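Student: Handing you this structure, nothing more for now.
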Amino acid sequence: MVATLSQLFDNDYDEEGFRTCSVTGLEIHRTAENHVKLFGLTAVVAMVVGGIFAITVAMTRWELIGLIGEANYYRHLSMHAWNLLIFWLVFMEIAILYVGGPMVLGRRLPLTKVAKAGWVTMVAGALGINYFIWTASGAEVAPLLTAYVPLNIPTGFFASAIVFLVGATIAAVPFLATIWKEKRWGTDDTLPLVTFGAFITSIIAVQAILGGIAAFSYGLVWKVGIIETINSGAYRTLFWTIGHGSQQINLLAMITVWYFLTHVVGGAVVVSEKVSRSAFILYLFFINLGAAHHLMADPALGVGWKLFNTSYAFYGAAFASMIHAFAIPAGLEAGRRQRGLGGGLFGWLTSAPWRNPVFSATIFSIILFGFVGGITGVLMGQLQLNITWHNTFATVGHFHATVAVGTTLAFMGLVFFVIQTMFRRDFVSGTLASLVPYFYAGAMGIATLAMIYLGILYGVPRRTSSVVRNIPGADFSISAAAPLMSLFGVFAVLAILAGVLFLLVALGSLLFGARLERGDDAGLRPDGGLTPDGGKPVHAVDMRGTFAMCLIFMATFVVLYVLNWFLLVQLWSIGA
Amino acid sequence: MPGPFDKPEGNWWDEPVNRREGMWLGIAGVWSLAIFGWMSGFTRFGDQNPVGETYEVDPSEYRETVQAYIDEADENEEGHIIPPGDSVYIGAFRFNWDGLPVVLEAGQEYDIHLGAYDVQHGFSIRPEHSLSQQINLQILPDTEWVIPMSFDDPGTYHVICNEFCGQGHNSMHGTLYVEEP
Ligand code: HEM
Ligand SMILES: [Cu+2]
């Protein structure tokens, strides 16, 4: 056991602790690599825990199965949300910071003791949160994701949440120190795009974490009796700085991973440094305003405030996302066209390494995130449309499209990539590994669409254990939604199986995969190397395939926008 | 050609942008402004806006207000409340709705007062005959929200709580009966 573990944390380093990656060509130091592994493995453990609760939650919502009753439902739902949305993603994000900083810059990870202290603190916070969710009883209730006061939530939960957030801040320090060193002692060079993206991610993370510490501290001082009353509207506003802020971290980290992975396994280039970096800057200024879209159906806030914030200041951040939506596929298109890989409109895409799960996971992540998560996010973020989405199952569909399909798929691709390039293990089964992204994206994609329709067309609410077959004590239930709910149930089961397959391949490869020898790139390197030499300057390369895809995206967006408004104006008249 | 790991060299800011990328920036920019404009304009000319007066209230005060309203109101033979004027008060509490069931007239505008006595709740309402016509509003225990509504179609409207409010949350259901005047 110890031998296997220590083997996992070893590689062929030179005396100074560096090695050259055979896929990316990066100079990688042992300290950076080992901490990426540590945080990455922890994230996968959290995914196992949260995934187990995906089974009980989904099989309860599918009321035909009705796996657990109301008594335990909220506890399970809380476990699902915290372990997946927070622990799986945030541990991965710290690993991404260490990749984007020290690894890409070819440096060692500074302050490794601080990194370890951050890890220990985060783990302590995560264990505490799990403990207090699981043991909430008597007058106390499970927090779900949001811990909406004045619900009686365990005091220890608020305390543990603060500990976790402090831990994440500590863990980010070595990354920030890397950037500081680079700028201080490096040359005057501009940071590479991936590092720049990681850096902006970290700034947004710090803002979100400060808001989160404020929110949970407000809850904590009220719980322990230092203040007597707590204002639920003020808490909601504070909570969503972290509640949505953490989604912005997910988004930026994911986009950074998109640039990274399309490059290393697809041979993508940067088509315009100016445009891509400007998009990150727009995020920096505007994206945190988006937290407001959770508050559109709230009474306590003014209309002007709502309009400005929900639109990220005139859609500054949505615009930024649409910029990346062009820039990333265009990078792939330009890089591959320059190498003469595939002609026509989409030849560059169809000839891409679709059997490589790192590649397919990244592309499905981009497409599904954009088409499903992105569009629905803008729709439900419109002040008026929000009243048809708020707290319905459609909301759950939206954020599973973003985090459970988009971000999770990108991070699954990254985990596979790390297994091959850093753990240096081949997959136990290449075929099963290739299958994972198709299976998961397909099943979860359909489950997600079903959730959206259940919410919008039938008004099925979220956060309840029974409403389709039975509302206890009422002679009404949303029974018309039963067939669609069964469709959801079946595809949820398939999505869970796909998740299990991912875990089996990932953990199986770590333990039993053949060791990749030095120089073996496991077939990951894109045809014709990472970047093509010479040829036309990048801006002059044909990008009509990407342009066509973006036009299809825009057409879909417009159609869905019009449909949603059409549904809204069918309603009775509401509001002043 | 530069990759995302490379430090860009020279004056990268002045590198030209691909023609189609430039066009896309234009399309995306116009769309962003257009949807902002529509959303903002709709608050002026639209009929469905989650907008109304709000007042800070103490939960127990709100409870008394609702009680006074119920005392003043009539009841039909089934015991459903008939509001005395244009104001309709609804008080959410674990796990029921004060002020419901209520009987309203189609086509008349009411001021719907929403508030809660204990924790946060969700006001999710739809007519039985058309489930896709549904809306959802957040209810906070420290705020009274007055939203005008006029129901065009007679029918039975069901209210479900869609914010987690404790053990028993999934039984929280209420009814509005909208009748032909
Ligand atoms: C096979 C995969 C998954 C299935 C079948 C699934 C299913 C569900 C369902 C049915 C709900 C709604 C429960 C309700 O509102 O009553 C839910 C809630 C949620 N899920 Fe998932 N999920 C999956 C994966 C994920 C992943 C990967 C993440 C995050 C990365 C995630 C994050 C969440 C969150 C944050 C909630 C909301 C909890 C709350 O209301 O407080 N889920 N999930
Ligand atoms: Cu309730």
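Student: Let me have the relative contact order for chain A, percent, based on Cα pairs under 8 Å that are six or more residues apart.
Tutor: Result for chain A is 16 percent.
Student: Averaged across the residues of A:104-112, what count of C-beta atoms belonging to other chains lies within 10 Å of each residue's C-beta?
Tutor: Partner Cβ neighbours, averaged per residue: 1.
Student: Moving to a separate point now. On a C-alpha basis, how far is the centre of the stretch A:66-132 from the centre of the stretch A:314-356 in Å? Whole number, if you could?
Tutor: Using only Cα atoms, the two centres lie 31 Å from each other.
Student: Right, something else. Under the definition of partner shielding as Cβ atoms of other protein chains within 10 Å of a residue Cβ, what is the mean value for peptide B:50-59?
Tutor: 4
Student: Compare the peptides A:484-497, A:305-318 by average per-residue count of other Cβ atoms within 10 angstrom and give them in order, highest first.
Tutor: A:305-318, A:484-497
Student: Counting alpha carbon pairs within less than 8 Å and at least 6 residues apart, what relative contact order, in whole percent, applies to the stretch B:53-179?
Tutor: Normalised by residue count, the contact order of the stretch B:53-179 is 29 percent.
Student: Show me the ranking of peptides B:111-123, A:545-557, A:62-74 by mean Cβ neighbours inside 10 Å, starting with the highest.
Tutor: B:111-123, A:545-557, A:62-74
Student: Still on this structure, I have one more. Nearest 0.05, what FRET efficiency do A:PHE9 and A:VAL45 give at R0 = 22 Å with Cβ-Cβ as r?
Tutor: 0.90
Student: Output the DSSP H helices from chain A with an along-axis C-alpha extent of no less than 27 Å and a mean Kyte-Doolittle hydropathy no less than 0.5.
Tutor: A:30-61, A:112-135, A:155-185, A:193-223, A:245-266, A:430-458, A:482-512, A:544-569
Student: So if we plug the beta-carbon distance of A:PHE566 and B:GLN108 into 1/(1 + (r/R0)^6) with R0 = 35 Å, what FRET efficiency do we get, rounded to 0.05?
Tutor: 0.85
Student: Oh, and also: Tell me whether the stretch A:354-525 comes out rounded, prolate or oblate; compute the Cα gyration tensor, take square roots of the eigenvalues as a ≥ b ≥ c, and use a/c under 1.5 as the rounded threshold.
Tutor: Here the stretch A:354-525 falls in the prolate category.
Student: Nearest 10 degrees is fine. How inclined is helix B:19-45 to the longest principal axis of chain B, computing both from alpha carbons?
Tutor: Compared with the principal axis, the helix lies near 20 degrees.
Student: Just to compare against my own numbers: the Cα pair-distance distribution for the protein assembly as shown, 10 Å bins, whole % per bin, please.
Tutor: The calculated distribution, bin by bin, is 3, 14, 24, 26, 18, 10, 4, 1, 0, 0.
Student: In Å, what Rg and Dmax follow from the Cα atoms of the stretch A:8-107?
Tutor: Considering the stretch A:8-107 through its Cα atoms, Rg and Dmax are 19.2, 62 Å.
Student: For peptide A:339-347, how many partner chain Cβ atoms fall within 10 Å of a residue's Cβ, on average?
Tutor: 0
Student: Next question. Restricting to the protein assembly as shown, what percent of DSSP beta bridges are antiparallel, rounded to 5?
Tutor: Taking every DSSP beta bridge within the protein assembly as shown, about 75 percent pair in antiparallel fashion.
Student: Rounded to whole Å and sorted largest first, list the principal axis extents of the Cα atoms in the stretch A:12-186.
Tutor: Cα spread of the stretch A:12-186 along its principal axes, largest to smallest: 58, 33, 22 Å.
Student: In the structure shown, do any of A:LYS116/A:LYS183; A:LYS113/A:LYS274; A:LYS37/A:LYS181; A:LYS37/B:LYS7; A:LYS116/A:LYS306 have a Cα-Cα gap over 31 Å, and if so which?
Tutor: Among A:LYS116/A:LYS183; A:LYS113/A:LYS274; A:LYS37/A:LYS181; A:LYS37/B:LYS7; A:LYS116/A:LYS306, the Cα-Cα distance tops 31 Å for A:LYS113/A:LYS274; A:LYS116/A:LYS306.
Student: Just order A:173-182, A:160-169, A:245-254 by mean Cβ neighbour count inside 10 Å, highest at the front, would you?
Tutor: Final packing ranking: A:245-254, A:160-169, A:173-182.
Student: Go through A:VAL562, A:ILE52, A:VAL99 and say which Cα lies farthest out towards the positive end of the charge dipole of chain A; charges sit on Cβ, +1 for Lys and Arg, -1 for Asp and Glu.
Tutor: A:VAL562
Student: Could you give the Stokes-Einstein D for the stretch A:360-417 in µm² per second, using the C-alpha Kirkwood radius, 4 °C, 1.567 mPa s?
Tutor: 111 µm²/s
Student: Which value at 222 nm does the protein assembly as shown reach when only helices count, each DSSP H run of 4 or more adding -39,500 (n - 2.57), with the total divided by all residues and rounded to the nearest 500 deg cm²/dmol?
Tutor: Mean residue ellipticity, 222 nm, calculated: -18000 deg cm²/dmol.
The numbers here are math on the coordinates, done by the rules we state, and not lab data. Note that the coordinates shown come from a computational prediction; the quantities given were computed from them, not determined experimentally. Heads up, the Cβs are rebuilt from the backbone with ideal geometry, glycines too, and the neighbour counts pull from every protein chain shown.
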